[in-house]
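The values are calculated or read from the model by the stated rules, or taken from the named source; none is laboratory data. Bear in mind the structure is a predicted one, so any value in this text is a computation, not a measurement. With ideal geometry, Cβ positions are generated from the backbone for all residues, glycine too; neighbour counts draw on all protein chains shown.
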Amino acid sequence: MEQVLLVDGYNMIGAWPELTKLAAENLEDARDRLVDMLAEYRAFSGKRVIVVFDAHQVPGTGNRHLKSGVEVIYTREKETADECIERLAGELSGPRTVLQVATSDYTEQRVAFGRGALRLSARELLFAVEESRASICRKLEEPRLPRQGTIDSALSDELKRRMEQWRRGDWKR
């Protein structure tokens, strides 16, 4: 079963303190930081992550690209992120897909829910992203124990030495 997370990008930027502060200085940096955070979350959770940004005031056909495993969508001219998310929710939802839509826009949550998606507020997604980061840090800090149950652990030092000699082509008997 595929798990898909569909994110309203500017909604997260406006709700997450780190991104709000960054956006006040440089909106492009805030978008990049959001995508980086979602890429970490994607790698940890295994979910397909799609983030949608409004580009309705920018002429053109929109843009879609992959960045660090996250699908980044800039909407088409005269299309809002909400409209794009609604369309994608309809296209992506199905019996073999668990679809979550991350937005704090209540109307958007209700529309997404009506299309078969689970709702996730900006705050809930931030908690999930922070928890995944904390889990990764805990995992990295765990002491690494020698692997047990491997062939290497069952071999004597003398046999390991001989096998290494054979590997290097030193065939002394």
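Per-structure values
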quantity: Matching residues in the stretch 91-111 - criterion: being surrounded by 15 or more Cβ atoms within 10 Å (Cβ to Cβ) and over 19 Å from the mean Cα position of the chain (by Cα); calculated: 105, 108, 109, 111
quantity: Strands (runs of 3 or more DSSP E) wholly inside the stretch 56-124 containing at least 1 residues that are in contact with a Gly (Cβ under 8 Å, 6 or more places away or on another chain), touching a residue at least 12 places away in the same chain (Cβ under 8 Å) and of a type outside the set (Asp, Glu); calculated: 70-74, 97-102
quantity: Flag if residue 130 is free of Cβ contacts under 8 Å to residues at least 60 places away in the same chain, of a type outside the set (A, V, I, L, M, F, W, C) and either more than 26 Å from residue 55 (Cα to Cα) or not in a helix (DSSP H, G or I) (or both); calculated: yes
quantity: Check on residue 97, within 19 Å of residue 48 (Cβ to Cβ) and of a type in the set (Ser, Thr, Tyr); calculated: yes
quantity: Single residue of the stretch 1-46 satisfying the filter (modelled with pLDDT under 95 and in a loop (DSSP other than H, G, I, E, B)) that is farthest from residue 119 (Cα to Cα); calculated: 26
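Here's the yes/no breakdown for (1) surrounded by 11 or more Cβ atoms within 10 Å (Cβ to Cβ); (2) farther than 30 Å from residue 87 by Cα; (3) at pLDDT below 80; (4) in contact with a Cys (Cβ under 9 Å, 6 or more places away or on another chain):
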residue	(1), (2), (3), (4)
113	yes, no, yes, no
117	yes, no, no, no
137	no, yes, no, no
143	no, yes, yes, no
149	no, yes, yes, no
157	no, yes, no, no
162	yes, yes, no, no
173	no, yes, yes, no
